[in-house]
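A.B. asks: Supplied in structure tokens, the structure appears directly below.
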Amino acid sequence: MEARPVRLRDGSTAVTRPISPADAPCLTAGLRRLSPTGHAYRFLHYRTRFTEAELHYLTHCDFIDHLALVFAPTDAEGREVDGVGVARCIRTKEDPETAEVAIVFVDEWQRRGAGTVLLRHLAELALSRGIRRWKGFLLEDNQAALKLLAKVGKIVSTRRIGAGALEAVCELNPSGAVIAPPIETH
């Protein structure tokens, strides 16, 4: 798998690419860049750090059962300048066609279309691996996450799981899993 160049609706350029062990420092730095709301929406609580074991798990994906992609803005020459978002899905043991999904972006990159681009790329990859639906856990007031999931499939169920949290199940739509067009190079 290679990096895919993309252009957002505001004209900024970036790549979506598979996560690698070299991204561990970026994950650590990204955690510090999240607002308290960002922490709550991604982790359902405030998280101060990742352990070494967690960083290893998060950056060493097999791309069969554990898929993770990074969103990284690029400069004029196409070089990555920052890692600002990660989306992942992990296949459940109970149902090989279902994976738990999560996405996080540093606050300054939210609501720019980057999440849609990254989640569509991940949906495409998941579908190619036989994953047909995603299950996500989110706070009830995180309507933006439900809207984002609806851009790659159909929300088929939501249920309250306590403490203000929901479990949402999304059937992936193969036609909705098209990533933003690549940047044309001449």
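The values are calculated or read from the model by the stated rules, or taken from the named source; none is laboratory data. No experiment lies behind these values; they were computed from the predicted model shown. Glycine gets a Cβ as well: all are built from the backbone with ideal geometry, and neighbour counts include every protein chain shown.
A.B. asks: Assuming residue 100 fulfils every condition listed in (1) closer than 15 Å to residue 16 by Cα; (2) within 13 Å of the chain's Cα centre (by Cα) apart from one, which condition is it?
C.D. replies: Here residue 100 meets the rest and fails (1).
A.B. asks: Report every pair of residues separated by at least 6 positions or lying on different chains whose Cβ atoms are under 7 Å apart, first residue within region 19-32 and outside any helix (DSSP H, G or I), second not β-branched (Val, Ile, Thr).
C.D. replies: 19/61; 19/68; 19/69
A.B. asks: Which condition number in (1) within 20 Å of residue 13 (Cβ to Cβ); (2) at pLDDT 90 or above is the one that residue 158 fails?
C.D. replies: (1)
A.B. asks: For region 49-74, which residues satisfy the criterion of being touching a residue at least 12 places away in the same chain (Cβ under 8 Å) and in a loop (DSSP other than H, G, I, E, B)?
C.D. replies: 49, 50, 60, 61, 63, 64, 65
A.B. asks: Return yes when residue 103 is in contact (Cβ under 8 Å) with a residue 12 or more places away in the chain, crowded, with 20+ Cβ neighbours inside 10 Å, touching a helix residue (DSSP H, G or I) at 6+ places or on another chain (Cβ under 7 Å) and within 20 Å of residue 167 (Cα to Cα) and no when it is not. Spell out the reasoning first.
C.D. replies: Working: in contact (Cβ under 8 Å) with a residue 12 or more places away in the chain: yes; crowded, with 20+ Cβ neighbours inside 10 Å: yes; touching a helix residue (DSSP H, G or I) at 6+ places or on another chain (Cβ under 7 Å): yes; within 20 Å of residue 167 (Cα to Cα): yes.
So residue 103 passes the test.
A.B. asks: Related question: Kindly indicate whether any position in region 90-100 is touching a residue at least 12 places away in the same chain (Cβ under 8 Å) and within 23 Å of residue 6 (Cα to Cα).
C.D. replies: No, that holds for no residue.
A.B. asks: Mind listing just one residue for me: the one in region 145-168 that is free of Cβ contacts under 8 Å to residues at least 40 places away in the same chain and under 15 Å from the mean Cα position of the chain (by Cα) and, of those, farthest from residue 103 (Cα to Cα)?
C.D. replies: It comes out as 153.
A.B. asks: Tell me which of these residue 27 doesn't satisfy, since it passes every other one: (1) at pLDDT 90 or above; (2) over 26 Å from residue 171 (Cα atoms).
C.D. replies: (1) is the only condition that residue 27 fails.
A.B. asks: Right, here's the next one. In region 131-144, what count of residues is obtained for those that are touching a Leu at 6+ places or on another chain (Cβ under 9 Å) and either in contact (Cβ under 8 Å) with a residue 60 or more places away in the chain or not aromatic (Phe, Trp, Tyr) (or both)?
C.D. replies: Just the residues of region 131-144 that are touching a Leu at 6+ places or on another chain (Cβ under 9 Å), to begin with: 131-134, 136-140, 142.
Now narrow it down to the ones that are either in contact (Cβ under 8 Å) with a residue 60 or more places away in the chain or not aromatic (Phe, Trp, Tyr) (or both): 131-133, 136-140, 142.
So the answer is 9.
A.B. asks: For region 89-102, state whether one or more residues are of a type in the set (Gly, Ala, Ser) and out of contact with any strand residue (DSSP E or B) (no Cβ under 6 Å at 6 or more places or on another chain). Give the steps one after another, and end with the answer.
C.D. replies: Of the residues in region 89-102, the ones of a type in the set (Gly, Ala, Ser) are 99, 102.
Pick out the ones that are also out of contact with any strand residue (DSSP E or B) (no Cβ under 6 Å at 6 or more places or on another chain) and you get none.
No - not one qualifying residue is present in region 89-102.
A.B. asks: Mind checking which residues of region 50-81 are surrounded by fewer than 13 Cβ atoms within 10 Å (Cβ to Cβ), closer than 28 Å to residue 133 by Cα and among the small types (Gly, Ala, Ser)?
C.D. replies: Residue satisfying the conditions is 53 alone.
A.B. asks: Taking region 114-130 as the region of interest, how many residues are more than 11 Å from the chain's Cα centre (by Cα) and without any contact (Cβ under 8 Å) to a residue 60 or more places away in the chain? Before the answer, list the steps.
C.D. replies: Just the residues of region 114-130 that are more than 11 Å from the chain's Cα centre (by Cα), to begin with: 124-130.
Cutting the leftovers down to without any contact (Cβ under 8 Å) to a residue 60 or more places away in the chain gives us 124, 126-128, 130.
Here the count works out to 5.
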